[in-house]
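Report on the structure given below.
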Amino acid sequence: MKSKKSSTQLSRQKILEARARLLAQLPEEKSDARESLELVTFHIDHEYLGMATSLVVEAHPLKTLHWSRLPSDFLSHAPAFIVGVVNMRGHIYSITDLARFVGLPAHPISDKAHILLLRGGLCTDGKEMELTLLSDDVPQVERVLLKNLNPPPDTVSATMKAYLLGITPNMLMVLDMQRLLSDERLIVQESET
């Protein structure tokens, strides 16, 4: 009879120990979608940038696309941040160099350059805004916690600060794409002449 009790007691003891180990574990941190942002991240020169994945429709290596720089007779009429045009499935898009748009120095287009096609915001005619941005490398996807966003330091230009939601501890500058997409300098008004 004693051996039966001791095996039952051992079994109970094992169950209690297993329960104690489970209770002692720290709960997994679950991040609510409202507490974090999923971003497409990329580099422009030395800057590390990110924007909401929901706005990025496509990403393509620039060298695989039919694109060209603007002809010299257009350069005097086009903004300095437009570095060329690209044909994507029969649609012609201007290629925007975000570095030039926010006043960073111009730099050469890298061999790893990609085009990011964005959609979001509305044009004055009510149509959805489309924009192609130039990135220096292959875009990645990253999730950041909103609580980790800090105001940009004073070393970031005022022009750049105007388009930022914040900056992470690893210096990822999170772009406010709604503000950027609604900037009138990016909106091309087509008119028939």
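Residue 19 meets each of the listed conditions (1) at pLDDT below 70; (2) of a type outside the set (Gly, Ala, Ser); (3) under 31 Å from the mean Cα position of the chain (by Cα) apart from (3). Taking strands (runs of 3 or more DSSP E) as the structural unit, no element lying wholly within the range 118-179 holds at least 3 residues that are acidic (Asp, Glu) and loosely packed, with under 15 Cβ neighbours inside 10 Å. Condition first: out of contact with any Lys or Arg (no Cβ under 8 Å at 6 or more places or on another chain) and either surrounded by fewer than 18 Cβ atoms within 10 Å (Cβ to Cβ) or without any contact (Cβ under 8 Å) to a residue 40 or more places away in the chain (or both). Now tell me which residues in the range 105-117 satisfy that. 105, 107, 108, 109, 110, 112, listed by residue number. Quick check on the range 156-178: of everything there that is farther than 19 Å from residue 133 by Cβ and among the polar types (S, T, N, Q), which residue is farthest from the chain's Cα centre (by Cα)? Out of the qualifying residues, it is 170.
The values are calculated or read from the model by the stated rules, or taken from the named source; none is laboratory data. For clarity, every value in this text was computed on a predicted model and none was experimentally measured. Don't worry about glycine lacking a Cβ; one is built from the backbone with ideal geometry, like all the others, and counts go over all protein chains shown.
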